[in-house]
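Asks: I have a structure here, written as C-alpha cells, and I will follow up with some questions on it.
The values are calculated or read from the model by the stated rules, or taken from the named source; none is laboratory data. Quick caveat, the model's predicted, so the values are computed rather than measured. Cβ coordinates were reconstructed from backbone atoms using ideal geometry, including for glycine residues, and neighbour counts include every protein chain displayed.
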Amino acid sequence: MKVLVTGAAGFIGFHLVEALMKRGEEVVGIDNINGYYDVGLKYARLAEAGVSPKNGETRIAFSKDTLNYIYSSKHSNYRFLRLDIIDLIPLEKLFLAEEFECVINLAAQAGVRHSIENPRAYIQSNVVGFLNILECCRLVKIKHLIYASSSSVYGDSSKIPFSETEKADMPVSLYAATKKSNELMAHAYSHIYGIRSTGLRFFTVYGPWGRPDMAPMLFADAINKGNPINVFNDGRMQRDFTYIDDTVEGILQLTYNPVPKSSLNANIYNIGNSKPINLMDFIQGLEKEMGKEVSKNFMPMQDGDVKVTFADTGKLNKATGYKPKTNLKKGLSKFVSWYSSFYGS
C-alpha cells in the first residue's frame with residue numbers, strides 16, 4: 001500500500017512512519033518543518049528515520065516547482081519532501097504523481113494556548129491546509145483519508161467519559177475550533193464526493209520524541225535542570241495520558257481495517273488510554289523515574305485549558321479490537337530513558 005503521511009517530522013507522524021516501514025508499506029512523508037518549536041528536534045526525528053539534508057546542507061529546502069525527494073538511508077521504501085499543505089499547487093503535483101491509496105493527515109499548527117496568540121496561523125494550516133488536502137483527495141479519488149482531530153473538541157465537557165456521540169460544538173480554544181471544523185469539512189466532502197474519511201480525536205499523547213511544548217517534556221526538562229514547574233488549576237487536573245505506541249496502534253488498526261463503506265463514509269474515533277491520571281500523580285511518577293523532585297508553582301486555570309480529559313474508546317474497540325497496552329509506569333520509564341539519552345541528565 002502506498003501511503004502519504006503529512007506532518008512526518010512531527011511527534012506522532014515520525015512514529016507512524018516508523019511503524020509503517022516495519023510493515024513494508026511504501027510511504028511518502030511531508031512536513032513544512034516550521035519553527036513553532038525547536039526545529040532541531042524535528043530534524044533529529046527525520047535523521048532517525050534516515051532522512052538528512054542533501055550535499056552537506058544544514059536544512060532541507062522546500063519542494064515547490066519540483067518534487068525533490070530525499071530518500072531515506074534507513075528505509076528503502078520511504079521518501080520525504082519538505083512541503084507545506086497550504087501550498088496547493090505542489091501538493092496537487094504530489095497527489096497526481098503518486099496515486100496514493102491512503103492519506104494520513106497529521107500536519108497541523110498544534111498548541112491550544114498558542115492559538116490564542118497566533119490565530120491566523122491556525123486558520124491557515126488547520127483550515128486552509130486541510131481544505132487543500134480534501135481537494136487533492138477529491139482530485140485523485142483517494143480511497144481513504146485519515147486525519148488528526150483532537151480531544152480538545154470536547155471543550156470543558158461535564159459528561160465523562162468523552163464519547164463520539166456528544167455534539168462537541170462548544171470549543172474553548174481556537175485550536176479546538178479548527179479541529180472541529182476539520183471534522184465538519186471531512187463530513188461534507190464524504191457526503192458530496194464519496195470520500196471515505198476517518199477523524200481521530202487524540203488524547204494527551206506522550207512518549208519518546210515528544211513535543212517540547214507539551215507538559216511531559218516541559219516537566220522533564222524542568223526536573224532535569226532543577227527549575228520549578230508551573231502547575232495550573234492548583235494541580236486539580238486529570239489527563240487521559242496515552243503512550244505513543246498505543247496511539248500509533250490505533251491509527252494502524254483503522255488504516256488496515258477501515259469501517260466498511262456505507263451511507264456514512266465519515267467516521268470519528270477517540271484514541272486514548274481511557275484511564276485519566278491526576279496531574280499530580282503524573283508529576284510524581286516522572287519525579288520518581290528521574291530520581292529528582294521539582295519545585296512547583298501552583299497557578300490558576302489558563303484560558304483555553306480544560307480540567308479533565310477522558311476517552312471513551314468503546315467505538316474504536318468495537319470496530320477494530322483496539323486496547324491500549326502501556327500503563328503509566330511503563331510509559332514514563334520509556335519516556336525518561338529516551339529523554340536521558342537524547343538530552344542528557
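Asks: So which helices (runs of 4 or more DSSP H) are wholly in the stretch 127-232 and hold at least 1 residues that are surrounded by 21 or more Cβ atoms within 10 Å (Cβ to Cβ) and either modelled with pLDDT under 95 or in contact with a Pro (Cβ under 8 Å, 6 or more places away or on another chain) (or both)?
Replies: On the way: elements: 129-140, 174-193, 215-225.
Passing ranges, in order: 174-193, 215-225.
Asks: Can you tell me how many residues within the stretch 318-345 are surrounded by 15 or more Cβ atoms within 10 Å (Cβ to Cβ) and not in a helix (DSSP H, G or I)?
Replies: Number satisfying all stated conditions: 3.
Asks: Among the candidates Ala97, Ala121, which residue alone is outside any loop (DSSP other than H, G, I, E, B), in contact with a His (Cβ under 9 Å, 6 or more places away or on another chain) and surrounded by fewer than 21 Cβ atoms within 10 Å (Cβ to Cβ)?
Replies: Numbers: Ala97 fails: in contact with a His (Cβ under 9 Å, 6 or more places away or on another chain).
The unique qualifying residue is Ala121.
Asks: Moving on to the next point. List the pairs whose first member sits in the stretch 162-176 and is free of Cβ contacts under 8 Å to residues at least 12 places away in the same chain, whose second member is surrounded by 17 or more Cβ atoms within 10 Å (Cβ to Cβ) and assigned to a loop (DSSP other than H, G, I, E, B), and whose Cβ atoms are under 9 Å apart, counting only residues at least 6 apart or on separate chains?
Replies: Thr165/Asp312; Asp169/Gly155
Asks: Restricting to the stretch 150-207, give me the number of residues that are among the hydroxyl-bearing types (Ser, Thr, Tyr) and on the phi > 0 side of the Ramachandran plot.
Replies: If we filter the stretch 150-207 for residues that are among the hydroxyl-bearing types (Ser, Thr, Tyr), which is where we start, we get 150-152, 154, 157-158, 163, 165, 173, 175, 178, 181, 189-190, 193, 197-198, 204, 206.
Still in the running and on the phi > 0 side of the Ramachandran plot: 204.
Summing the residues that are among the hydroxyl-bearing types (Ser, Thr, Tyr) and on the phi > 0 side of the Ramachandran plot in the stretch 150-207 gives 1.
Asks: Could I ask something else about it? Considering only residues that are touching a Leu at 6+ places or on another chain (Cβ under 8 Å) and of a type outside the set (Val, Ile, Thr), look in the stretch 191-204 and name the one that is farthest from Leu106 (Cα to Cα).
Replies: We begin by selecting, within the stretch 191-204, every residue touching a Leu at 6+ places or on another chain (Cβ under 8 Å); these are 195-198, 200.
Checking which are of a type outside the set (Val, Ile, Thr) leaves us with 196-197, 200.
Numbers: Arg196: 17, Ser197: 13, Leu200: 10 Å.
If we take residues in the stretch 191-204 being touching a Leu at 6+ places or on another chain (Cβ under 8 Å) and of a type outside the set (Val, Ile, Thr), then Arg196 is farthest from Leu106 (Cα to Cα).
Asks: Being within 17 Å of Ala266 (Cβ to Cβ) and of a type outside the set (Val, Ile, Thr): is that true of Asn182 here? Let's see the steps before the verdict.
Replies: Values: within 17 Å of Ala266 (Cβ to Cβ): yes; of a type outside the set (Val, Ile, Thr): yes.
Here the answer is yes, as Asn182 does meet what is asked.
Asks: Taking into account only those residues within the stretch 72-93 that are outside any loop (DSSP other than H, G, I, E, B) and in contact with a strand residue (DSSP E or B) (Cβ under 7 Å, 6 or more places away or on another chain), which is nearest to Gly29 (Cα to Cα)? Break it down into steps so the answer makes sense when it comes.
Replies: Looking only at the stretch 72-93, we keep the residues that are outside any loop (DSSP other than H, G, I, E, B), and these are 78-82, 88-93.
Imposing the further condition that a residue be in contact with a strand residue (DSSP E or B) (Cβ under 7 Å, 6 or more places away or on another chain) reduces the set to 78-82.
Numbers: Tyr78: 8, Arg79: 6, Phe80: 5, Leu81: 6, Arg82: 8 Å.
The selected residue is Phe80.
Asks: What is the one condition in (1) outside any loop (DSSP other than H, G, I, E, B); (2) modelled with pLDDT of 90 or more; (3) out of contact with any Asp or Glu (no Cβ under 9 Å at 6 or more places or on another chain); (4) more than 18 Å from Arg201 (Cβ to Cβ) that Glu287 does not satisfy?
Replies: With (1) outside any loop (DSSP other than H, G, I, E, B); (2) modelled with pLDDT of 90 or more; (3) out of contact with any Asp or Glu (no Cβ under 9 Å at 6 or more places or on another chain); (4) more than 18 Å from Arg201 (Cβ to Cβ) applied to Glu287, the lone miss is (3).
Asks: Of the residues Lys275, Lys292, Lys315, which is in a loop (DSSP other than H, G, I, E, B), more than 19 Å from the chain's Cα centre (by Cα) and closer than 20 Å to Thr165 by Cα?
Replies: Lys275
Asks: As an exercise: evaluate His15 against (1) farther than 25 Å from Ala121 by Cβ; (2) part of a helix (DSSP H, G or I) and give the number of the one condition it does not meet.
Replies: The single condition His15 does not satisfy is (1).
Asks: Filter the stretch 246-261 down to the residues that are of a type outside the set (Phe, Trp, Tyr) and either within 15 Å of the chain's Cα centre (by Cα) or at pLDDT 90 or above (or both) and list them by number.
Replies: First pass over the stretch 246-261, keeping only residues of a type outside the set (Phe, Trp, Tyr): 246-255, 257-261.
Scanning the stretch 246-261 gives Asp246, Thr247, Val248, Glu249, Gly250, Ile251, Leu252, Gln253, Leu254, Thr255.
Asks: For residues that are in a helix (DSSP H, G or I) and at pLDDT 95 or above, scanning just the stretch 233-245, find the one that is farthest from the chain's Cα centre (by Cα). Before you say what the answer is, go through the steps one by one.
Replies: Going residue by residue through the stretch 233-245, those that are in a helix (DSSP H, G or I) are 233-235, 244-245.
Okay, now just the ones that are also at pLDDT 95 or above, so 244-245.
Values: Ile244: 10, Asp245: 12 Å.
Only one residue fits best here, namely Asp245.
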